[in-house]
Amino acid sequence: MSADRMPRLPRVLAAAALWAVLAAASPVTRLDVEVDNLRSAKGLIRICLTADPDNFPACVDDAKALTRTLPAAVRTTSFPGLPQRGYALAIIHDENSNSKLDTIAGIPREGYGFSNNAAVRFGPPRFSAARFMLAGDAEMQQVRMRYIF
């Protein structure tokens, strides 16, 4: 190695170490979720929070998804300590507490909702429609439940 490159090596290593520390200490925030428009206090509210578009809205194969199950009478919850990035919420009102969204010919019989109150047309919305960014100390998502039957 030439003599003029030797002084740069410690600076490069120091910069790399600083970058690694900053990357590991990414800012975190809290997400508060409020569920509105429930038609009854029967059953459970099942919430899935994911940052993975491939596992939205089901979150079944998403090992990093965060889930909550609440009595339907409790309509708020929080997800503390989340890295600041994009997420999407999918929520069902499991009125009969059977751990799934009941359907008839693919049409939901129980309530459902998504972050950003994303529109539902012929199936659930895309991740991009429900996606929101966590960027501050605390964020709030108010999800309005929808019922077809």
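The values are calculated or read from the model by the stated rules, or taken from the named source; none is laboratory data. Note that the coordinates shown come from a computational prediction; the quantities given were computed from them, not determined experimentally. Every residue, glycine among them, receives a Cβ derived from its backbone with ideal geometry; neighbour counts consider all protein chains shown.
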Residue pairs within 8 Å by beta carbon, gap of at least six or interchain, first lying in segment 71-89 and over 21 Å from residue 43 (Cβ atoms) and of a type in the set (S, T, N, Q), second surrounded by fewer than 14 Cβ atoms within 10 Å (Cβ to Cβ) and modelled with pLDDT of 95 or more, listed first then second, are 84/133
Within segment 69-90, residues surrounded by fewer than 17 Cβ atoms within 10 Å (Cβ to Cβ) and either under 21 Å from residue 138 (Cβ atoms) or within 11 Å of the chain's Cα centre (by Cα) (or both) come out as 70, 74, 76, 77, 78, 80, 81, 83, 84, 85, 86
Expected output for segment 98-120 (first residue within 13 Å of residue 57 (Cα to Cα), partner of a type in the set (Ser, Thr, Tyr) and assigned to a loop (DSSP other than H, G, I, E, B), Cβ below 9 Å, 6+ apart or cross-chain) is 112/147
Scanning segment 91-110 for residues that are assigned to a strand (DSSP E or B) and either hydroxyl-bearing (Ser, Thr, Tyr) or exposed (fewer than 12 other Cβ atoms within 10 Å of the Cβ) (or both) gives 103, 104, 107
Here the residues within segment 26-61 that are modelled with pLDDT of 95 or more and among the acidic types (Asp, Glu) are 32, 34, 36, 52, 54
